[in-house]
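To start, the structure under review is shown below, and the notes come after it.
The values are calculated or read from the model by the stated rules, or taken from the named source; none is laboratory data. Worth saying up front: this structure is predicted, and the values here are computed from it rather than measured. Glycine also receives a Cβ, built like all others from the backbone with ideal geometry; neighbour counts cover every protein chain displayed. Note: areas computed on protein heavy atoms with side chains; ligands, DNA, RNA excluded. Shrake-Rupley method; radii C 1.70, N 1.55, O 1.52, S 1.80 Å.
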Amino acid sequence: MSTLKYALILLFFIISIPSGVAWYLSTQKVPVTYVNDTVQAQNTLNIPPLLEAQTYGDTLSFANLILQTGMTSFFNGIDTDTWGVNGSFLGPTIRIKKGQTLKLNIKNTLPESTTIHWHGAEVPAAMDGGPHQIIKPSASWSVTFPIVQEAATLWYHPHMMGKTAEHVYKGIAGFFIIDDENSENLGLPNDYGINDIPLVIQDRKFDEKGQLVYDHKHNGHMITSGMLGNTILVNGTFAPYQDIPPTLVRLRILNGSNARRYHIGFSDNRSFKQIATDGGLLEKPIERSRLMLSPGERAEIIVDFSQDNKVAKLISFPINPEPDRFRDTLAKIMIGKRDENQQFNLLEFRVQGQSSAQTKTLPEKLNNIAHWTEKEAVKKRTFRLSSSSINDLKMDMARIDEVVVKGDLELWDIINTSSINHPFHIHGAQFQILSRNGKKPDAHEMGWKDTVAIADSEKVMLAVKFDQYADPALPYMYHCHNLEHEDMGMMGQLIVVNSADEKIRFHPPAETKSHSTH
Ligand code: C2O
Ligand code: CU
Ligand code: CU
């Protein structure tokens, strides 16, 4: 008899506690950032201008980048205060060929110190533009580096300690496109702005006066999801449309948002071919109908518009269309996860003109990638991501976390122990994804990457080799590319040495000892 009584009491608690918690959670009013999905495409898409460089001989290109404040009109008749590069919002596209040398002079006319980092580029640590290469107001910084890596769609943005998120949010970012012999000989669409279109997707929040609002700390969640805006801009254009020819079109898509992920596809569910990941072309085109991009990631896709005579809408689909009620409610309280389960428009394509003799087919083979294996690796490291730290540490500019030997193939296990997503990014090298939760990655992840989405509780194994440059005195960064997480200290420093017995000679920066808080 008493056993039954205890069993009943136990059963009562088993049923009532979780439902009580679920009921309590469901009564909590949590602000959700609803992306405005009713706006009609109304503005022609801005195409970032190509950076005009002076070319010396055929190997050196020189140009100026001026970081400046300005006013941008995103909405009719409203001037918004913004930051930009050689303009009022975003910056010009750097386009250069492998083998050439790039010389840039970056002048900071902003009211604050900042840096400019070449995301995805293999450059010496001293030129990397990380938190140690500060450009003070009115100062300039010059870099000269050869382009040593293959064709890819990279980008540049600030990397000022504790300020990266805000500086990117205000508008400092641009594309950095590399071409090479191979990419030029494949017959891929490459008429910039016509059938080869860069798209940087960013979400922003505006106040009633049309000014940018940066308020990630006050969104009411327990763990910050980072800054989520309710207004989508593509290349700095609100509600954009773009005229395109009825042919194959290449889109170079960059998630340049601080924290929002996009689940990209077409409203008619058409498929497209993914041809490149962050750091280069895939071996062959991969047919897909959805593309997930986390902050910092890029993908190149080819879309066939030859059968279209009207409009085709690029949209962002819900990330998790059938959420688990209980988990979702919990996640909503913690991080506002429901923000990601919305569907909204990104860009409308309006197919115009005659189908010309332009590219109609894609080559079957795009690239040769030497796939690394676990067995070849000589070193293994583990990085545990919690909700805001890496291996339980917050970024400290005075501390070197890892020392890597140039040319060594390493395995990096990235383990997400938190309930939120973290896009993990490494400077100074492109890596390969060897496994995701013990399984071989999907075909579209079998290319060069510098940023990889690590979903909650996931474990991803990377193979990485820093084989270009060593500098025993200056570090590269690795970090979460959710920019608010990065600024909160989810970042570490690694130094590449020439050989195992070389000692590091790092001198911690004088003014910036520790930056563990934000
Ligand atoms: Cu795109 Cu360390 O950054
Ligand atoms: Cu980077
Ligand atoms: Cu993160």
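For GLY492, state whether it is touching a Phe, Trp or Tyr at 6+ places or on another chain (Cβ under 9 Å) and either of a type outside the set (Ser, Thr, Tyr) or modelled with pLDDT of 95 or more (or both).
Yes.
Failed condition for SER435, given (1) more than 16 Å from ligand 3 (Cβ to nearest atom); (2) of a type in the set (Gly, Ala, Ser); (3) at pLDDT below 95, with all others met?
All conditions are met except number (3).
From the list MET446, MET461, which one is away from ligand 1 (no atom under 13 Å from the Cβ) and either within 17 Å of GLY129 (Cα to Cα) or open to solvent by 30 Å² or more (accessible area, probe 1.4 Å) (or both)?
The match here is MET446.
Among the small types (Gly, Ala, Ser), surrounded by 17 or more Cβ atoms within 10 Å (Cβ to Cβ) and away from ligand 3 (no atom under 16 Å from the Cβ), is that true of ALA125?
yes
Restricting to region 86-98, name every residue that is open to solvent by less than 10 Å² (accessible area, probe 1.4 Å) and of a type in the set (S, T, N, Q).
Answer for region 86-98, where residues must be open to solvent by less than 10 Å² (accessible area, probe 1.4 Å) and of a type in the set (S, T, N, Q): just THR93.
What are the residues in region 401-415 that are more than 15 Å from TYR478 (Cα to Cα) and not basic (Lys, Arg), if any? Break it down stepwise before answering.
Kept after step one, since they are more than 15 Å from TYR478 (Cα to Cα), are these residues of region 401-415: 405-409.
Listed by number, the residues that qualify are VAL405, GLY407, ASP408, LEU409.
Please count how many residues of region 65-85 are in contact (Cβ under 8 Å) with a residue 24 or more places away in the chain, surrounded by fewer than 20 Cβ atoms within 10 Å (Cβ to Cβ) and not in a strand (DSSP E or B).
3
Residue-wise test of (1) within 16 Å of ligand 3 (Cβ to nearest atom); (2) open to solvent by 10 Å² or more (accessible area, probe 1.4 Å); (3) within 25 Å of ASP467 (Cα to Cα); (4) at pLDDT below 95.
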{"site": "HIS117", "(1), (2), (3), (4)": "no, no, yes, no"}
{"site": "GLN133", "(1), (2), (3), (4)": "no, yes, yes, no"}
{"site": "SER140", "(1), (2), (3), (4)": "no, yes, no, no"}
{"site": "VAL143", "(1), (2), (3), (4)": "no, no, yes, no"}
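Look through region 364-391, keep the residues that are within 16 Å of ligand 3 (Cβ to nearest atom) and touching a strand residue (DSSP E or B) at 6+ places or on another chain (Cβ under 7 Å), and return whichever of them is most open to solvent (accessible area, probe 1.4 Å).
Going through the qualifying residues, I end up with ARG384.
Pick from ILE369, ILE390: which is at pLDDT 95 or above, touching a Lys or Arg at 6+ places or on another chain (Cβ under 9 Å) and either within 16 Å of ligand 1 (Cβ to nearest atom) or within 26 Å of TRP155 (Cβ to Cβ) (or both)?
Selected residue: ILE390, the only one of ILE369, ILE390 that is at pLDDT 95 or above, touching a Lys or Arg at 6+ places or on another chain (Cβ under 9 Å) and either within 16 Å of ligand 1 (Cβ to nearest atom) or within 26 Å of TRP155 (Cβ to Cβ) (or both).
Select from region 464-482 the residues that are in contact with a Gly (Cβ under 8 Å, 6 or more places away or on another chain) and open to solvent by less than 40 Å² (accessible area, probe 1.4 Å) and write down the one among them that is nearest to VAL405 (Cα to Cα).
The qualifying residue nearest to VAL405 (Cα to Cα) is PHE466.
Could you check region 464-487 and list, in sequence order, the residues that are within 16 Å of ligand 3 (Cβ to nearest atom) and either at pLDDT below 95 or in contact with a helix residue (DSSP H, G or I) (Cβ under 8 Å, 6 or more places away or on another chain) (or both)?
First, the residues of region 464-487 that are within 16 Å of ligand 3 (Cβ to nearest atom): 477-487.
Those that are within 16 Å of ligand 3 (Cβ to nearest atom) and either at pLDDT below 95 or in contact with a helix residue (DSSP H, G or I) (Cβ under 8 Å, 6 or more places away or on another chain) (or both): HIS479, CYS480, LEU483, GLU484, GLU486, ASP487.
PHE62: assigned to a loop (DSSP other than H, G, I, E, B) and away from ligand 1 (no atom under 16 Å from the Cβ), yes or no? Explain how you work it out, then say what you get.
Numbers: assigned to a loop (DSSP other than H, G, I, E, B): no; away from ligand 1 (no atom under 16 Å from the Cβ): yes.
So PHE62 fails the test.
So, of the residues in region 162-188 that are crowded, with 22+ Cβ neighbours inside 10 Å and assigned to a loop (DSSP other than H, G, I, E, B), which turns out to be nearest to ligand 3 (Cβ to nearest atom)?
ALA173
Among the strands (runs of 3 or more DSSP E) confined wholly to region 198-275, which include 1 or more residues that are closer than 24 Å to ASN482 by Cα and among the hydrophobic types (A, V, I, L, M, F, W, C)?
Fully inside region 198-275 and qualifying: 231-234, 248-255, 262-266.
Within region 26-38, is even one residue open to solvent by 60 Å² or more (accessible area, probe 1.4 Å) and at pLDDT 85 or above?
no
Looking only at residues in region 189-204 that are away from ligand 1 (no atom under 16 Å from the Cβ) and polar (S, T, N, Q), which one is least open to solvent (accessible area, probe 1.4 Å)?
Filtering region 189-204 for residues that are away from ligand 1 (no atom under 16 Å from the Cβ) and polar (S, T, N, Q), the one least open to solvent (accessible area, probe 1.4 Å) comes out as ASN195.
Inspect all residues belonging to region 455-463 and state whether any of them is over 29 Å from LEU281 (Cβ atoms), in contact with a helix residue (DSSP H, G or I) (Cβ under 8 Å, 6 or more places away or on another chain), away from ligand 3 (no atom under 16 Å from the Cβ) and modelled with pLDDT of 95 or more.
no
So ILE223 ticks every box in (1) over 23 Å from ILE420 (Cβ atoms); (2) surrounded by fewer than 23 Cβ atoms within 10 Å (Cβ to Cβ) but one. Which box is left unticked?
If we test ILE223 against (1) over 23 Å from ILE420 (Cβ atoms); (2) surrounded by fewer than 23 Cβ atoms within 10 Å (Cβ to Cβ), just (1) comes out false.
Residue check: is HIS485 surrounded by 20 or more Cβ atoms within 10 Å (Cβ to Cβ) and either part of a helix (DSSP H, G or I) or more than 13 Å from ligand 1 (Cβ to nearest atom) (or both)?
Working: surrounded by 20 or more Cβ atoms within 10 Å (Cβ to Cβ): yes; either part of a helix (DSSP H, G or I) or more than 13 Å from ligand 1 (Cβ to nearest atom) (or both): yes.
Yes.
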